[in-house]
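The values are calculated or read from the model by the stated rules, or taken from the named source; none is laboratory data. What you see is a predicted model; the values in this text were computed from it and never measured. Cβ placement follows ideal geometry from the backbone for every residue including glycine, while neighbour counts extend to all protein chains displayed.
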Amino acid sequence: MNTRKRLIGIWLMAMALLSLCAYTAFFVAQMWLNVLYVIYLSLAIMQVAALIIYLWGPQKLPFRPLRMLYHAFCISSFLVIPSFVFIFMGLISQYHIKIPESIDAEKMPVESILPKDKTTIYNTGTVYIFFPEYSSVELVTGDRPSKSDDSITWCCGAAFQHAVSLGFSEENVEGDHAVNGAYYTSPYTRDTFGAFTFADKKFAFTFDNATDAIKTAAEAGGSGFMQFALIDNKKTVMNFDRPRARCYRTLAELNGHLCIIDSVNMLHFDEFLAELDRLGVTNALYMDMGAGWNYSWYRNASDKAVTLFGLPVPWSHNWIVFRK
C-alpha cells in the first residue's frame, strides 16, 4: 500500500470517529433541530460506510455507480470538521460563565437579596440572581441590541420564534406582544403562556387573560411578550420534564423586585425549581432559549458589557432589554 492510500485511510478513519463523536454530542446535548439531526446522522453513516468500503477495497465494487457513491462519501468527509466545530460552539454556548463579582448569598437570608443602585448579582451556589439597573424594560424586535448602547444594562432572548428564518417577521414571534406601544397579534399563542409587561414604569406578570395584559401595556405605550408560565403566586404551574442537565433561566419577581435568575452550572430542571421554591420566587416566566438562542449579556457596575452566553444565532430576532 502506497503512502497516498495510507493517508486516505487515516483521514477516513479520523473523520468517521469525529463524525460519530459529533453526532453523539448532538444527540446527548439534545440540540434538537430536526433538519440538523438528519444531516448529522447521515454524515456519520456516510463516513462509516466510506471507511468500511476502504478497508474492504473499493476496487472490489462491481458497479460504477457504487464506486461513484463511495467517492461521494469520501468527499463528504470534508464537511465533518466544520460540523464538529458548529456543535462544539453550540455546546460551549450552553455553559454559563463564572461571575466573580457576584455577591456570595449561600448563607444570606432570602429577604436580604435585594437590588441596589447599580446592577447587582447574587450567587446562591445554585443560581445567579441578576438585578439590572433600570428605569424601563422593553421588548426589542428585528435588529439585535448593541453592546455599544450604554443605556442597556441587560439583554437576552425573550419570546420563542415559531420558525427558523434569517428574515424577520413579527408574526413569527410566538405569542401576542407589544413593542413600545405597538401591538402585534400572533397566530402561535399558546394556552400555557403567561405574559410579562412593562408600562407606566411598572412591571407585571399575568397568567390569566395574557392577551388583554399585552393589549393594555401597548395602549399605555409599553412593552410585553409571552412565554411559558413557570411560577404563579409562588406556585409552580409549568409541567416540564427535561431528561438531562442544562443551564436554565427565568424572568422573575423576587422580594417584590424584578430580576433574572440563571443556574450557576448545568443542573436538572427539578433542582432549578427547588431553588426557586427555596428563594420564594413570587412569579416567573420560563426563559431558557437553548444553544445559540440564549445569547445574553449585562452591564456591570463599572459600565462594562459582560457576555454570559456569547454565540448568537442569526435567526434570533427578539430580546428583552433593561435600560437605565
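Which residue is nearest to Asn283 (Cα to Cα), if the candidates are limited to the range 195-215 and must be part of a strand (DSSP E or B) and hydroxyl-bearing (Ser, Thr, Tyr)?
The qualifying residue nearest to Asn283 (Cα to Cα) is Thr206.
Only one residue in Ser42, Ser76, Ser83 is surrounded by fewer than 14 Cβ atoms within 10 Å (Cβ to Cβ), of a type in the set (S, T, N, Q), assigned to a helix (DSSP H, G or I) and at negative phi. Which one?
The conditions single out Ser42.
Go through Asp149, Asp212, Asp176 for me and flag whichever is acidic (Asp, Glu), crowded, with 18+ Cβ neighbours inside 10 Å and in contact with a strand residue (DSSP E or B) (Cβ under 9 Å, 6 or more places away or on another chain).
Asp176
Quickly run through the range 186-199 and pick out the residues that are at pLDDT below 95 and either of a type in the set (Ser, Thr, Tyr) or more than 23 Å from the chain's Cα centre (by Cα) (or both).
Ser186, Tyr188, Thr189, Thr192
Rundown of residues vs (1) in contact with a Ser or Thr (Cβ under 8 Å, 6 or more places away or on another chain); (2) surrounded by 17 or more Cβ atoms within 10 Å (Cβ to Cβ), yes/no style:
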residue	(1), (2)
Ser263	yes, yes
Phe269	no, yes
Ala274	no, no
Asp277	yes, no
Asn283	no, yes
Tyr295	yes, yes
Arg299	yes, yes
Asp303	no, no
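Check Leu7 against each of (1) at pLDDT below 85; (2) out of contact with any strand residue (DSSP E or B) (no Cβ under 8 Å at 6 or more places or on another chain) and name the one condition it does not meet.
Leu7 satisfies every listed condition except (1).
For the range 107-117, indicate whether the set of residues that are within 28 Å of Gly222 (Cβ to Cβ), touching a helix residue (DSSP H, G or I) at 6+ places or on another chain (Cβ under 6 Å) and modelled with pLDDT under 95 is non-empty.
no
Only one residue in Asp200, Asp208, Asp232, Asp212 is of a type outside the set (Gly, Ala, Ser) and under 17 Å from Arg323 (Cα atoms). Which one?
Asp200
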